[in-house]
């Protein structure tokens, strides 16, 4: 379809809990968002047909705009006719359905396996087990500090089969290095594949020492389907993740996404391939960073997965954790995150057993929305920990990509997405969750994916780039405001920084903010002001020198200017009563007036 013929686009995002539909059309020569709607996703029982939820959301769009887009049989009217009935293009992304179960096998857990883990984390996959030649037996009971020695071949094979993986990623060795160790590892994997306990033979993806590729292929022979890609760790200081990432994404689409009930019907709706939502989200963050010359990080906190995508002048990265969602994968998150970590974000008393029961109940009803303030605050606490988990993993991968000597990254723009953030009753909830989960410092703009478009825009850009550009610029994101956050720590109650604001109308405001507090200064959306920031000698505002001041032009937003003087890295008070009191104060400062559950 020629690009110039696309005047209207229906974009669909099928998530694990909700399906979002957006109508984008040319209005006065520019692409704009005309309408959005949302319905429950219907890939699971009792419907077992993803198109049911999609059609429900589409019918809502039709009522809003007063036009017919799909016929009575549930098929798109294409192209749009002269009476503006129908649409010119249907574009679909999806994240519904289970992740791809993957086992990792490598020579060393802290080198090759680490790279394989990062490659796996760029799509909707779940690592079922990890095996390395330096994996050891668990310590015997009552012998702390001692290990049980190397795993036996039987234990290694059992480990590989745990979780019934659909893919085994085999990595190890640097190009030009010794080939024998990775060949020996391949033989262990092959023995595991010969056992009858695997329900189906997983595909083997080889991404290790290129010198061993032919020998590895001979070992697996007719045992299992296999594919080889360039080494994820060609040398000790270089990662090459992209080829393995592409294979994993293709495998996820083939084995999981395309098996969703009703998926095949989508091929008759649209000639364009259905993209994984995480890949489309990644493309949008990359565009925003590259086009505007910004360090951008986007966080999409979903029911089944949390996705973090970042773009800087030095690198682009993304991370998908299918075990770190706030609904469908909450049970998996509970296995990794201690209860006290969720509890530390609650401004009220809640015994551990009651907390655990409430979280389990949420996992049983992932589509439910909080109906009490306590439930809302608990969901935000879960979102914080899911986000912190993924951001921590993203940060671990920066070390191989950052220029030598570069310190903690500063973000120019943070974008929050996902129902937990965008459908919170007050924007202060979302703002504080992003601040606590990412801990930005320096001067950062904060925005929300208010229309639920972030997952779709990358896919739209592949079909009609100008539509994605213009909708991103005008309709996609809600500007919450500018965050000023110094790095460092001080004495609670003592001044962390002083600042002066020169408003466009000539008015001035000069004040100071104490360490440990948050202060919000009104500055409406679209308005700009000149800000003079003077941190105390213990704090760095982003210039690499504590105490050095800065002049900055900032833009307002729904919340205005947020001065976050709680310090970085963030430290919560150890005293329970004081911690809860501070949490309430921070929420109240951000406009959440009843945070006293």
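General observations
- Counting every other Cβ atom within 10 Å of each residue's Cβ, 227, 194 order from fewest to most as 194, 227.
- Among 387, 107, a tally of other beta-carbon atoms within 10 Å of each Cβ gives an order, fewest to most, of 107, 387.
- Extending 7 Å from the Cα toward the beta-carbon at both residue 197 and residue 367 defines two label points whose distance is 3.7 nm.
- Distance from the Cα centroid of the range 324-341 to that of the range 524-578 is 31 Å (rounded to whole angstrom).
- Treating each Cα of the range 480-597 as one equal point scatterer and applying the Debye formula with no solvent, the log10 of I(q)/I(0) at q = 0.12, 0.19 Å⁻¹ comes out as -0.44, -1.03.
- Extending 7 Å from Cα along the Cβ direction at residue 507 and again at residue 316 yields two label points whose distance is 4.3 nm.
- If the chain linking residue 27 and residue 215 were pulled fully straight, counting 0.36 nm for each residue of separation and taking away their Cα-Cα distance, it would gain 61.7 nm.
- The calculated 222 nm mean residue ellipticity attributable to helices in the chain amounts to -10000 deg cm²/dmol, summing -39500 (n - 2.57) over DSSP H runs of n ≥ 4 and dividing by all residues.
- Projected label distance in nm at residue 250 and residue 349, using a 7 Å step from Cα toward the beta-carbon: 5.9
- Linear extension gain, residue 522 paired with residue 336, 0.36 nm per residue minus alpha-carbon span: 63.0 nm
- R0 of 22 Å, Cβ-Cβ distance residue 291-residue 474: FRET efficiency to nearest 0.05: 0.90
- Coarse-grained scattering of the chain at q = 0.09, 0.10 Å⁻¹, given as base-10 log I(q)/I(0) from a Debye sum over alpha-carbon atoms: -0.78, -0.96
- Förster radius 30 Å - calculated FRET efficiency between residue 180 and residue 237, Cβ distance, rounded to 0.05: 0.85
- Within the chain, DSSP assigns beta bridges of which about 60% are antiparallel (rounded to the nearest 5).
- Cα centroid separation - the range 344-388 against the range 234-270, whole Å: 32
- Counting neighbouring beta carbons within 10 Å and listing from fewest to most, the residues 341, 574 come out as 574, 341.
- Hypothetical label at residue 576: residues of the range 351-394 whose amide nitrogen lies under 18 Å (7 Å Cα-Cβ projection): 351-358, 378
- Based on alpha-carbon atoms, the Kirkwood radius and the radius of gyration of the range 212-263 give Rg/Rh equal to 1.10.
- Percent RCO, i.e. relative contact order, over the chain, from Cα pairs under 8 Å lying at least 6 residues apart: 11
- Taken over the C-alpha atoms, the range 276-589 has Rg and Dmax values of 19.1, 56 angstrom.
All of the numbers you see were taken from the coordinates with simple rules; none came from a lab. The structure displayed is predicted, hence computed values, not measured ones. When we count neighbours, we look across all protein chains shown, and the Cβ atoms used for this are built from the backbone with ideal geometry, even at glycine.
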